[in-house]
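One structure is given here, and the rest of the page talks about it.
Only the coordinates and a few stated rules stand behind these numbers; no lab work does. What you are looking at is a predicted structure, and each value in this text was computed from that prediction instead of being measured. Here Cβ is always computed from backbone atoms with ideal geometry, including for glycine, and neighbour counts include all displayed protein chains.
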Amino acid sequence: MRHQPLITCALPPPLVAVAHGSRDPRAAATVEDLLDLVRRRSGLRVVTSYLDHAPPTPGQALGALAGDGAGEAAVLPLLLTAAYHSKTDIPGALTEVRRDHPRMRLWYGATLGPHPLMISALERRLAEAGVTPDPDTALVLAAAGSSDPSANATIGRMARGWLGWRRVVPAYASAARPTPAEAVRGLLDAGAPRVAVASYFLAPGHFADKVRDESLAAGATAVSAALGAAPELAEIIEQRYTEIITLGDQAAVG
């Protein structure tokens, strides 16, 4: 079934997607693949920006839109949990844009996760790695980890609510414990016949590679790939955009 544009007016506000950014070129390529999917499905004008390591910054992207005559934009963090970047870095950048372009109307949306479709996207990548829900297979939900306890708690809630497996436990590549390798060994020591790892990363890069290598060395049967251009993520982005536009002034920045 063909997807129709989300907004039927002549010029819907452009979507400025803000990704974390990475020195690994695979990351930017993966983000573009995902946003290309959103463009094809929705018909929206989607502009990519990055917090670090790659241009343009959110301020540069929004400044270019303002220079082109855009009077409004919807800003969406391509982040999987709400933490420092979504709570502080991006709002700070938008405050500067609002100061430099006071007539530009900005809306700011929620992070991609948590969202019910995330489990479907994770199971898609696990299936591609040869793993499906099974009462004899334990699962490690491996995230990047954060200094923000609420972000780590979000991963814990996702793990507890994920059914169909022997057991699902959260793990973190940095800033919190257990590490994915520790979680794999703990599940094997507790008697799990098999342990797989679900990579809760938007794109490939340092952490995703580290989780894969260390988890396999610890005895994991399989490690899924980063979420990337999964159709579920494209749908989440479309939903977040619609939420921003629907909220209108309630989501306005500045």
(request) Quote the convex hull volume per residue of region 165-218, based on C-alpha atoms, as a whole number of Å³. (result) 76
(message) Quick check for me: using +1 on Lys/Arg Cβ and -1 on Asp/Glu Cβ, what's the dipole size of region 174-254 about its Cα centre, in debye to the nearest 20?
(response) 340
(message) Rounded to two decimal places and with Rh computed the Kirkwood way over Cα pairs, what is Rg over Rh for region 19-77?
(response) 0.97
(request) Would you compute, from DSSP H runs of 4+ residues alone, the mean residue ellipticity of the chain at 222 nm, taking -39500 (n - 2.57) per run and dividing by the full residue count, rounded to the nearest 500? (result) -12500 deg cm²/dmol
(request) Please grab the % of Cα pairs in region 27-116 that end up more than 18 Å from each other. (result) 47
(message) Give me P(r) over region 123-254, computed from all C-alpha to C-alpha distances, binned every 5 Å, as integer percentages.
(response) 2, 11, 19, 21, 19, 12, 7, 5, 3, 2, 0
(message) Cβ neighbours within 10 Å, averaged per peptide: list 129-139, 174-184 in order, most packed at the top.
(response) 174-184, 129-139
(message) Output needed: percent of Cα pairs per 5 Å distance bin for region 68-202, bins running from 0 to the one holding the longest distance.
(response) 2, 10, 18, 19, 15, 11, 8, 7, 5, 3, 2, 1, 0
(request) Kindly give the semi-axes, whole Å and largest first, of the ellipsoid equivalent to region 83-156, taking each as the square root of 5 times a Cα gyration tensor eigenvalue. (result) 36, 15, 9
(request) Give me D for the chain in µm² s⁻¹, whole number, from Stokes-Einstein with Rh from the Kirkwood sum over alpha-carbon pairs, 10 °C and 1.306 mPa s. (result) 84
